[in-house]
């Protein structure tokens, strides 16, 4: 049986007293099996006892200067909650205090998807735990959606509108002309998440129809190119670079990039690495037990396999005992500047392939694979949520080619 909330209007529900004799109004909501909760109603002015009537639709007497506005506001909130109950009841879904509170905190219009999207960002689902970079992508997606069409009602959402928004994104300018497919896909995924939540959780749309929209209208992204990692000799050349006093910033970023190669971390992962995540085994040496910034998944990283990692830690660690972060904040710069320095380092080391923040992680994975690390072990070291994600690094590569062709000898053919 679906729980239907019982709603009542309470004046001065705490029965408090003050010098002015003026008090606020709350909605009292009761759900079977739980303790009732009170939610304040935002009023233009508080109310005295002799101004309170308490009868439905006439809660405040006309001797209050804002009686009409207050009565309308109370009725509006009750109507909003009744609509919520009907929506959930028709879908045979339970109303919870979380859904009630989300409804009461809604800003904008209930039937406008743009407003729903904005509220999703401001008050995300309880189970959603995303980093700030990801939320920034949600905000960027909403910005593009508003520029595409400021007011999209839920009744307007169909396959044609989804397709038009895709075409709108595809024609926007990007760094290399038009917006890149990977960027469009990123916004596309955010749109799908919010629309799916509106359908499955808040019942504004048919979940099956939403699923069909994104099956019919898709965004394809070219597969990642092979060779996004550095070879061992290239890493060696980077490590063997020497620097003058004026090149201290390049030396610092070379060291941080090497630490990425050793750990498989992204640059932002290094910035939040904590001192209590660094351990020192009495026999092996340093290792890390932590989590990735992107998804919070746990990682175990054997730093003891890379002796120079200890030098980097000692050189750049924050010595303030009150600071929980391992590396000093002063060693980090904007990611764009960091990537520019990596390009300069690549040229100095004679590396022709492009180097960026992401190269360190790919290099780490390929090194472990090249020298025989098992997939479950690599998955743990890289903090992947699913082992299938790790599988993408195990596509046929040099190790597989060596093993698969070792019985073939073209030298005998003298070609």
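The values are calculated or read from the model by the stated rules, or taken from the named source; none is laboratory data. Given the structure is predicted, the values throughout are model-derived calculations rather than measurements. Note that each Cβ is placed from the backbone with ideal geometry, even for glycine, and that neighbours are counted across all protein chains shown.
Just a few scattered comments:
- Qualifying position, being touching a helix residue (DSSP H, G or I) at 6+ places or on another chain (Cβ under 6 Å), at pLDDT 95 or above and crowded, with 17+ Cβ neighbours inside 10 Å, among 184, 152: 152
- Residue 102 vs. criteria surrounded by 14 or more Cβ atoms within 10 Å (Cβ to Cβ) and over 28 Å from residue 25 (Cβ atoms): no
- Comparison of 29, 74, 41, 2 shows that the only residue that is closer than 22 Å to residue 103 by Cα, surrounded by fewer than 17 Cβ atoms within 10 Å (Cβ to Cβ) and either outside the structural domain of residue 92 (by TED's automatic domain parsing) or in contact (Cβ under 8 Å) with a residue 24 or more places away in the chain (or both) is 2.
- For segment 7-26, the candidate set comprises residues that are part of a strand (DSSP E or B) and over 36 Å from the mean Cα position of the chain (by Cα); within that set, the residue that is surrounded by the most Cβ atoms within 10 Å (Cβ to Cβ) is 25.
Yes or no, residue by residue, for (1) under 15 Å from residue 302 (Cα atoms); (2) modelled with pLDDT of 90 or more; (3) surrounded by 14 or more Cβ atoms within 10 Å (Cβ to Cβ); (4) in contact with a helix residue (DSSP H, G or I) (Cβ under 7 Å, 6 or more places away or on another chain):
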| site | (1), (2), (3), (4) |
| --- | --- |
| 326 | no, yes, yes, yes |
| 329 | no, yes, no, no |
| 358 | no, no, yes, no |
| 361 | yes, no, yes, yes |
| 364 | yes, no, yes, yes |
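Residue-by-condition table, conditions (1) farther than 16 Å from residue 336 by Cα; (2) surrounded by fewer than 19 Cβ atoms within 10 Å (Cβ to Cβ):
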{"residue": "242", "(1), (2)": "yes, yes"}
{"residue": "249", "(1), (2)": "no, yes"}
{"residue": "257", "(1), (2)": "no, no"}
{"residue": "260", "(1), (2)": "yes, no"}
{"residue": "263", "(1), (2)": "yes, no"}
{"residue": "266", "(1), (2)": "no, yes"}
{"residue": "269", "(1), (2)": "no, no"}
{"residue": "272", "(1), (2)": "yes, yes"}
{"residue": "279", "(1), (2)": "yes, yes"}
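- Candidates are the residues of segment 169-181 that are touching a helix residue (DSSP H, G or I) at 6+ places or on another chain (Cβ under 8 Å) and modelled with pLDDT of 85 or more; the one that is nearest to residue 144 (Cα to Cα) is 169.
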